[in-house]
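Below: the structure, in structure tokens.
The values are calculated or read from the model by the stated rules, or taken from the named source; none is laboratory data. All values reported here derive from a predicted model rather than from experimental measurement. Reconstructed Cβ throughout: ideal geometry from the backbone, glycine too, with neighbour counts over all protein chains shown. These accessible areas exclude ligands, DNA and RNA; they are computed on the full protein's heavy atoms, side chains included. Shrake-Rupley method; radii C 1.70, N 1.55, O 1.52, S 1.80 Å.
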Amino acid sequence: MKRQYFLLALSLSLTVPLFAAEVSDSDSREHKLEPDPFAISCGSIPMDFARDITLKNASSTSLTILNSDRDTSDDFRTQLADDAVSSNTTVAQSAITALRAFGPAGLETMLKTHADLIKSHSSPGIGIQKNDEDWLRLKSALDAIARQRDSYVSKLYWFTDFEQARAAALASGKSILSLRLLGNLDDELSCANSRFFRTTLYANTQVSDYLRNHFILHWKSVRPVPKVTIDFGDGRKLERTITGNSIHYVLDSDGRIIDALPGLYGAQAFLTALQQTEGIANQCATSLGRERDHILHEYHCARAATLESDWARDIAVVRASSATVTQPAALSLAPPSANAASRSAFSKTQIERPLLRSVFPDRTATRADLEATTDDSTWASIAALHSDEARLDPASRALLIAKAPSALSAGRLTTSKILIENPVLRQIRNLERSISEDTVRNEYLFHTKIHEWLATEPATLNPDAFNSKVYTELFLTPDSDPWLGLVQPDICTALENNGLVSNSQ
């Protein structure tokens with residue numbers, strides 16, 4: 001019997017595709033069916049005859065569609081899941097496209113069908129990925145269905161068509177979590193923030209479960225991510241992305257903004273913020289008009305005030321402590337602050353503490369006061385107060401270790417010293433410190449400002465317009481700057497045209 005690859009519903013008088021491959025609003029690579037409908041009468045296809053029909057998607061890959069009453073069965077999706085890892089690329093791509101069109105159910109079938117192979121490559125402590133062809137095909141297929149890199153860990157399905165996400169939100173009663181990023185979430189070299197989302201947030205077991213059960217997920221690329229390649233001239237190259245930021249929006253099913261989480265957060269802080277926002281979203285879902293606007297206004301005013309109060313409290317705790325929080329050199333290039341120096345000697349601290357109190361009197365600090373008095377060293381100390389919120393769970397650690405197999409192997413050469421000298425473990429410890437600092441900076445600097453904006457902006461605010469404001473005024477990467485701040489006109493490079501190359505020239 002010929003294999004089935006896509007679902008087509010036939011009626012007696014007219015047939016149209018029941019499922020259509022998603023049309024991406026952010027990435028032209030998304031496979032889509034041509035809009036021409038099929039008009040097939042019952043006389044053209046005998047009821048007892050299974051006839052293959054061939055469609056072509058946007059990339060001209062043929063999709064074989066079989067009229068069968070088993071199209072919606074679990075067996076059909078399981079067969080697609082088997083075909084999705086076929087060594088025949090045409091067969092595999094057709095099956096992947098069909099599973100993508102099934103939505104989260106297609107991804108769930110794929111994960112269930114290949115559970116054993118996935119488990120063998122994601123168990124904590126194993127670390128090194130086997131670069132066998134079966135695994136690479138499975139990993140690639142999962143990412144294409146989920147539209148997220150490393151989806152074998154997160155198990156999350158992402159919409160890239162916003163209208164489809166809205167329809168799913170309406171049908172499920174869930175809010176939408178919409179990610180805006182530079183690059184694409186299913187590319188290895190997306191912006192740095194989104195890469196850490198994949199490895200430290202979405203891979204986190206608690207976060208993954210919460211997102212899957214409480215939100216409809218959507219992502220949209222704001223613009224391509226800048227990439228840097230350093231060619232050493234001997235066949236070795238170093239590839240990195242540079243600049244760029246990301247933000248998660250919580251939206252209701254109409255696409256209106258409830259709240260937004262800017263940049264990278266620790267997993268527990270991210271989870272707590274989502275739970276708070278979901279509670280407000282549920283209140284808004286049962287309110288209309290001015291009542292809804294009032295709920296949001298009060299929520300954002302209260303959250304902005306709470307964050308500023310927490311910020312001032314953290315500064316007070318840090319300055320009242322005689323202990324110095326050591327900042328790893330890799331995390332900051334700023335010179336030690338005067339406050340950090342004063343805390344290095346207890347006797348000197350006792351002399352200078354009255355002076356510090358005169359500079360920071362006991363009064364309600366404004367946002368400007370807080371910004372002016374929180375230097376890099378203070379941020380590091382504040383971050384240490386919240387370090388538990390940035391701890392990586394076993395699933396995230398396993399994924400990060402899997403991405404650095406050579407470093408892990410090097411550490412294993414000296415087994416007795418692995419806990420001290422393993423380079424990957426050192427990277428993870430530094431990463432946790434960095435995430436902790438990102439969390440407090442993003443909450444106190446960016447999120448407070450977003451709360452202020454959302455407290456005064458109309459509730460029907462367009463997410464795209466608001467996102468443009470965020471990237472321009474908070475992230476300082478406006479759409480008007482094609483070079484994302486990487487080109488400084490007052491700096492001489494001694495290169496032709498300052499080394500700039502543009503397709504428009």
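For the residues Arg212, Arg223, Arg256, Arg198, the requirement of being open to solvent by 30 Å² or more (accessible area, probe 1.4 Å) and in contact with a Lys or Arg (Cβ under 8 Å, 6 or more places away or on another chain) singles out Arg212.
Quick check, is Ser140 open to solvent by 60 Å² or more (accessible area, probe 1.4 Å) and of a type outside the set (D, E, K, R)? Taking the combined requirement at face value, the residue satisfies it. For region 182-205, the set of residues classified as farther than 19 Å from Asp438 by Cβ, of a type in the set (S, T, N, Q) and over 10 Å from the mean Cα position of the chain (by Cα) consists of Thr205 only. Under the condition of being open to solvent by less than 40 Å² (accessible area, probe 1.4 Å), β-branched (Val, Ile, Thr) and not in a helix (DSSP H, G or I), the residues counted in region 75-126 number 1.
Within region 231-268, the only residue that satisfies the criterion of being touching an Asp or Glu at 6+ places or on another chain (Cβ under 7 Å) and free of Cβ contacts under 8 Å to residues at least 12 places away in the same chain is Lys237.
Each row is one residue, and each column tells you yes or no for (1) assigned to a loop (DSSP other than H, G, I, E, B); (2) among the polar types (S, T, N, Q).
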residue	(1), (2)
Asn184	yes, yes
Asp187	yes, no
Thr200	no, yes
Arg212	no, no
Trp219	no, no
Ile230	no, no
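Evaluating Gly411 against the criteria (1) at pLDDT 90 or above; (2) open to solvent by less than 20 Å² (accessible area, probe 1.4 Å) leaves one unmet condition, (1). Taking region 220-233 as the range and being at pLDDT 90 or above and of a type outside the set (Ser, Thr, Tyr) as the test, the residues that pass are Lys220, Val222, Arg223, Pro224. So, in region 143-182, of the ones that are surrounded by fewer than 19 Cβ atoms within 10 Å (Cβ to Cβ) and among the polar types (S, T, N, Q), which residue ends up nearest to Ala98 (Cα to Cα)? Top of the filtered list is Gln164.
Restricting attention to region 451-505 and to residues that are at pLDDT below 85 and at positive phi, the residue that is surrounded by the fewest Cβ atoms within 10 Å (Cβ to Cβ) turns out to be Ala494. Residues in region 279-302 that are of a type in the set (Gly, Ala, Ser) and modelled with pLDDT under 90: Ala285, Ser287, Gly289.
For the criterion of being at pLDDT 95 or above and surrounded by fewer than 20 Cβ atoms within 10 Å (Cβ to Cβ), Leu271 passes.
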